[in-house]
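Encoded as structure tokens, the structure appears first; notes follow it.
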Amino acid sequence: MTNVLLIVLLATASTDRAATVHDQIAGKLAPTAKQKLVSIAASLPATISNPEGTSRSIRAAFPDVNFTQLDIDSLSAFVLQEAATQTEQDLKTTLDQMKSINQQKVGLRTTEKKKLETLNQMSDMMQMKTHMLMDRRSKFMSSLSNLLKKIADAQSAIISNLK
């Protein structure tokens, strides 16, 4: 349990830059646009095997807008950060549920064996869910990191071309 919390803390420390980019983009979006992007983030599959899927979802959500690649990359960064945030919230909820189950198990150790077995099964399921959510969050953060690097490289290329 301590290892899980340590991993979560280390992972959140590396997301400060992504959170800053997310907040900058969120400040520039209209509320309806932000809501569309949040719904795209909620509908992302558990694994991201193709980052173009996010781009397609953004273009589909805003059919009348002609985005540049930099716009799509920025909005994709926003969507991936939202997805990571939602996954992180799911992870915290799961960890809280595990803590509650463990507290119940302590109270039942001496009295009710049947309930204890059920809680053990639930605890095992929660541990598997926690592992899946951490993997999912890791994939989102990896994709987000790659996208932010791509944006930074594009900005550097533009600046060097201007010189």
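The values are calculated or read from the model by the stated rules, or taken from the named source; none is laboratory data. Given the structure is predicted, the values throughout are model-derived calculations rather than measurements. All Cβ positions, even for glycine, are placed from backbone atoms using ideal geometry, and neighbour counts span all protein chains on display.
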Practice task
Quick one: count up the residues across the range 54-73 that are over 16 Å from the mean Cα position of the chain (by Cα) and either within 17 Å of residue 145 (Cβ to Cβ) or part of a helix (DSSP H, G or I) (or both).
Solution key: 12
Handout entry: Check on residue 81, touching a His at 6+ places or on another chain (Cβ under 9 Å) and either more than 30 Å from residue 34 (Cα to Cα) or not hydrophobic (A, V, I, L, M, F, W, C) (or both)
Key = yes
Handout entry: Complete set of residues in the range 109-140 that are without any contact (Cβ under 8 Å) to a residue 40 or more places away in the chain, in contact with a helix residue (DSSP H, G or I) (Cβ under 6 Å, 6 or more places away or on another chain) and closer than 25 Å to residue 54 by Cβ
Key = 129
Fill in the blank from the handout: Here the residues within the range 71-108 that are among the aliphatic types (A, V, I, L, M) and either in contact with a Pro (Cβ under 6 Å, 6 or more places away or on another chain) or closer than 30 Å to residue 52 by Cβ (or both) are 72, 75, 77, 79, 80, 83, 84, 91
Practice task
Would you mind stating whether residue 78 is aromatic (Phe, Trp, Tyr), in a helix (DSSP H, G or I) and either closer than 26 Å to residue 140 by Cβ or free of Cβ contacts under 8 Å to residues at least 40 places away in the same chain (or both)?
Solution key: yes
Practice task
Kindly indicate whether any position in the range 28-37 is surrounded by fewer than 16 Cβ atoms within 10 Å (Cβ to Cβ) and at pLDDT below 80.
Solution key: no
